[in-house]
Amino acid sequence: MVSTWITVLGAITAFWAVAYALLRGRGNEEEGLSVDLFVMMWRTKRLLGFIDRTAQRARRFWRIYADVGIVLGFIGMGYVFYALFKTALKALQTSGKQASVQLVIPGLTIPLWYGIIGLIVVMVVHELSHGVTARADGLPLKSVGLVLFFIIPGAFVEPDEEELKRAPLRTRLRVYGAGSLANILTAVVALLIMNFLLAPLLQPAGVAVAGVMENTPAFGVLEKGDVIVGVNGVNIKTLDDFEKVMKTLKPGQVVSITVLRNGERKSLSLKLGERRGHPDEPFIGIYIGQHYVSKIGHDGLVFPTFFTFYWIYVLNIGIGLMNLFPLVPLDGGRMLDDVLKEYLPEGVAKPLRYTAIGIGLLLLAINLWPAILNLAG
């Protein structure tokens, strides 16, 4: 594992060294490709016309939309702060063994292609929402583009920072809150598509073995990926079917389990153990989940479509809310920062801002540490 990490870090460092040597000094502040230390940015003005036309066609609508974003922004800010505080306490209680916040790395912590598609949707709707809202309030945009920070891709709409600083507080809050609002609305749309268009195409067809615990009755008999379709001759289609059958069995009993393994039907037998603390209840030692098949066939189309919308939902709701965490440079942090500056004297606002930053960094560190350890080990 250590050698793998060294190889990966070496390859990333080599990429940035070559990119820095070849591209440093190219481009400018408004257009073209530019590279700085572990930051690569591509800027263009080509989409500014589209953003401007979209904003001007319904300026009143976009302003109301952005006002909703302000309200949602502060509600989300409080929710995320509370959630991270609660999970940080849980992480401390488990000595950092339980990950409460997951790093989003396609191919490592989330599926590669579903993750890439989901992140692209997150970035596009987030930044377009910022841009359209800014133009609806009359703020100029300098450029739009893509960014690569170390290994993290992103997109951006770049407003004129000086004009943004001079804008009324409500306008600034509209721009900041609009991005996460777009992500949450996108998540809602993806959830509706999953539940009302795609889920009706699926039907339960067994219990999937998601994992096998070591030194348990199932160890060496069942495998991750098996689909249990029968127990002692009783057909199993749903998790409820499986639970009902298990309630009729006793510890020490030898049972016959029918599984689908790599498309092949197999009959296996194992001796049930007893559940710790409940000696009358049988124990197998597996993690389970519902297995589905498509009612209309075409599994190779139906399931990728379903999981694409699933990850669009998960990433938009997760990243959209996380962006409201009150820590600069996140949008939630900028909202809180501007409100404190607007309504409090500098002598009061400044200590509060630094306190918020300190608490925010501490909460993030506590929540992310278990995830980093899990990724490394």
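Observations on the structure shown:
- As a summary of the residue check, Leu139 satisfies the conditions (1) of a type in the set (A, V, I, L, M, F, W, C); (2) farther than 30 Å from Asp226 by Cα; (3) in a strand (DSSP E or B) except for the one numbered (3).
- Helices (runs of 4 or more DSSP H) completely within region 269-377 that count 2 or more residues being acidic (Asp, Glu): 331-343
- When we screen Gln253, Gln290 for residues that are under 30 Å from Met194 (Cα atoms) and of a type in the set (S, T, N, Q), the only hit is Gln290.
- Those residues of region 19-58 which are in a helix (DSSP H, G or I) and at pLDDT 80 or above, in sequence order: Leu48, Gly49, Phe50, Ile51, Asp52, Arg53, Thr54, Ala55, Gln56, Arg57
- Any hit, region 325-336, residues being in contact with a Leu (Cβ under 6 Å, 6 or more places away or on another chain), buried (at least 19 other Cβ atoms within 10 Å of the Cβ) and more than 30 Å from Glu161 (Cα to Cα): no
- For Val101, the conditions (1) open to solvent by less than 40 Å² (accessible area, probe 1.4 Å); (2) closer than 20 Å to Val144 by Cα are fulfilled apart from (2).
- Residues of region 337-354 that are modelled with pLDDT of 90 or more and either touching a strand residue (DSSP E or B) at 6+ places or on another chain (Cβ under 8 Å) or open to solvent by less than 50 Å² (accessible area, probe 1.4 Å) (or both): Asp337, Asp338, Val339, Leu340.
- In a residue-by-residue description of region 58-75, the property of being out of contact with any Lys or Arg (no Cβ under 8 Å at 6 or more places or on another chain), open to solvent by 40 Å² or more (accessible area, probe 1.4 Å), of a type in the set (Lys, Arg) and under 19 Å from Leu173 (Cα atoms) applies to at least one position.
Residues checked against (1) closer than 26 Å to Asp331 by Cα; (2) touching a residue at least 40 places away in the same chain (Cβ under 8 Å):
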position	(1), (2)
Phe15	no, no
Val18	no, no
Leu22	no, no
Phe38	yes, yes
Ala66	yes, yes
Ile75	yes, no
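- Near pairs, Cβ below 7 angstrom, 6+ apart or cross-chain, from region 207-222 (among the small types (Gly, Ala, Ser)) to any residue that is surrounded by fewer than 15 Cβ atoms within 10 Å (Cβ to Cβ) and outside any strand (DSSP E or B): Ala210/Lys224; Gly211/Lys224
- Verdict on Val147 being assigned to a helix (DSSP H, G or I), β-branched (Val, Ile, Thr) and either modelled with pLDDT of 90 or more or out of contact with any helix residue (DSSP H, G or I) (no Cβ under 7 Å at 6 or more places or on another chain) (or both): no
Residue-wise test of (1) within 28 Å of Val227 (Cα to Cα); (2) open to solvent by 10 Å² or more (accessible area, probe 1.4 Å); (3) modelled with pLDDT of 95 or more.
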| site | (1), (2), (3) |
| --- | --- |
| Arg166 | no, yes, no |
| Leu173 | no, yes, yes |
| Gly177 | no, no, yes |
| Ser180 | no, no, yes |
| Ile184 | no, yes, yes |
| Val188 | no, yes, yes |
| Leu191 | yes, yes, yes |
| Leu197 | yes, yes, yes |
| Leu202 | yes, yes, yes |
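- The single residue among Asp280, Asp240 that is farther than 30 Å from Thr186 by Cα, open to solvent by 80 Å² or more (accessible area, probe 1.4 Å) and at pLDDT 95 or above turns out to be Asp240.
- Residues of region 255-265 that turn out to be exposed (fewer than 12 other Cβ atoms within 10 Å of the Cβ) and on the phi < 0 side of the Ramachandran plot, as a count: 2
- Contact annotation: residue pairs with Cβ atoms under 6 Å, 6 or more positions apart or on different chains, pairing a residue in region 227-240 that is in a helix (DSSP H, G or I) with a partner that is open to solvent by 10 Å² or more (accessible area, probe 1.4 Å) and among the polar types (S, T, N, Q), are Leu239/Gln290.
The values are calculated or read from the model by the stated rules, or taken from the named source; none is laboratory data. Computed from a predicted model, the values in this text were never measured in an experiment. Every residue, glycine as well, gets a Cβ built from its backbone with ideal geometry; the counts of neighbours run over all protein chains shown. Just the protein is used for accessible areas: all its heavy atoms, side chains included, with ligands, DNA and RNA removed. Shrake-Rupley method; radii C 1.70, N 1.55, O 1.52, S 1.80 Å.
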